[in-house]
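Just so it is clear, none of the values below were taken in a lab; they were calculated from the coordinates. Being a predicted model, the structure only gives us computed values, none of them experimental. For neighbour counting, all protein chains shown are included, and Cβ atoms are generated from backbone atoms with ideal geometry for every residue, glycine included.
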Amino acid sequence: MARKGMKIAGSSGGKLSMKDKLKMINKLAGGDLAFDLKEENPTDVHDWISTSSTWLDSIICRGQKGGIPVGKVTELAGLSGTGKSYMAAQISGNAQKKGYNVYYFDSESAISSEFLEKCGCVLEESEGYGDFVYIQAQNVEFVLETIETILASGEENNLFVWDSLALTPSVADLESDFNPQSTMAVKPRILSKGLAKLLQPISNSNSTLLILNQLKDNITRSPAEALTTPYFTPGGKALIYSYSLRIWLTGRKAKDSFVVDGKGYRVGSEVKCKLEKSRFGTHGRTCNFKILWGDEVGIQDEESWFDAVSPSEYISNSGAWFILKKDGYEKKFQKANFAQMAREDKEFRKTLLDIIDEEVIMKFDKRLGEASQYYEEREEESE
């Protein structure tokens, strides 16, 4: 400790320069922990991993196209059968394409190699792709300690997927009986301590933690609370403070919420997606898309674009036909062939993506139009 009246090198008149302040603090810390925010902010998000849904990516960060934020902790929670694992696998494949190593912790023993490959994951070492490591999640302590060990090794650019937190027991759970009172609140206390230890190492190593969780009915005597807070996620309240982004998936009740093949067999379903928490200025925004879980696996991305752009002034309709007009470009289409055209017609696709950028990202950023179109799902009249 500097003695009273002792002059520190580089100071002038008792005032340290910014450079000397940073040097002094970082020397004390034994690492780069102090920054001049005019030059660099270590908490800024510099990269995003796509969710495979253009609409969802477009509502996550205000003013730009986002995804799963790198360097942060994200929760993907949903009701049963809403596509949590499907989305996690898609995100894993997208991360590998960007060179991120994926560590997939599976507590449900429900992820098959075939399923992962259909979702775009590369299971063998391949040049240009990050590695994929599958790990059975024995217990909560093991998952947290494994992540800590990997980060301590100095390896950077990792995506840790925990599928799922709700079904991962603690060591105390495994060694105890089946009485829930025996180990009450053990897991939340472990997670509170574990996440506090991991937040900075995850950020400093340019890594990401994606936690899958369950949405459970909030059983309460208060009618008001039942309406405003119908669901909760297990794991304790400390987790909620650790998340930079919380994405909640719920099912829809519309008659057309299922995807059916030519013979009427169900091969997919539609989910409603809500940003339950966002540190990127988009809390409460919603979108919806369909997930295929039959012979073909994945998110029906282009099919959701129609709902994303339908309020646009660039699209008008007359009966069953729609006309897209923008910057001299004009195209006539029907809703039934919209998705196919969006995939195959390059100019049509580019124009649609430009409209999504304008309608979903930029107009929200500039607060143009009614707020309800950004926060409330537009339901079909037939629902």
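Here are some notes:
- Volume per residue for the stretch 73-243 equals 127 cubic angstrom (convex hull of Cα atoms).
- Distance-filtered residues of the stretch 308-325 - backbone nitrogen under 16 Å, label point 7 angstrom along Lys366 Cα→Cβ: 312-314
- Taking the DSSP bridge list for the stretch 24-179 and keeping only pairs wholly inside it, about 20 percent are antiparallel.
- Most to least packed among 152-158, 36-42, 75-81, 352-358 [average Cβ atoms within 10 Å]: 75-81, 352-358, 152-158, 36-42
- Entry for the stretch 182-231 at q = 0.20 Å⁻¹: log10 I(q)/I(0) = -0.87, Debye formula applied to identical alpha-carbon scatterers, no solvent contribution.
- Over all Cα atoms in the stretch 15-149, the spread is summed up by Rg and Dmax: 19.0, 63 Å.
- Taking each residue as 0.36 nm, the span from Tyr375 to Ser182 lengthens on full extension beyond its C-alpha to C-alpha distance by 65.3 nm.
- Residue-span extension gain [Tyr134 to Ser113] - 0.36 nm each, minus C-alpha spacing: 6.6 nm
- Over 22 Å between alpha carbons, listed pairs Lys274/Lys346; Lys65/Lys346; Lys97/Lys277; Lys263/Lys290; Lys97/Lys118; Lys277/Lys366: Lys274/Lys346; Lys97/Lys277
- More than 17 Å apart - percent of Cα-Cα pairs taken over the stretch 107-146: 43
- Per-residue ellipticity at 222 nm, computed for the chain from helices alone with -39500 (n - 2.57) per DSSP H run of at least four residues, works out to -8500 deg cm²/dmol.
- Using the Cβ-Cβ distance between Tyr241 and Ser80 with R0 = 30 Å, the FRET efficiency computed as 1/(1 + (r/R0)^6) comes to roughly 0.70.
- Within the chain, the whole DSSP H helices whose Cα atoms reach 27 Å or more along their own axis and whose mean Kyte-Doolittle score is at least -1.0 are 186-204.
- Unit Cα scatterers, Debye sum, the chain: log10 I(q)/I(0) for q = 0.12, 0.13 Å⁻¹: -1.02, -1.15
- With eigenvalues of the C-alpha gyration tensor scaled by 5 and rooted, the stretch 276-348, Å: 25, 19, 11
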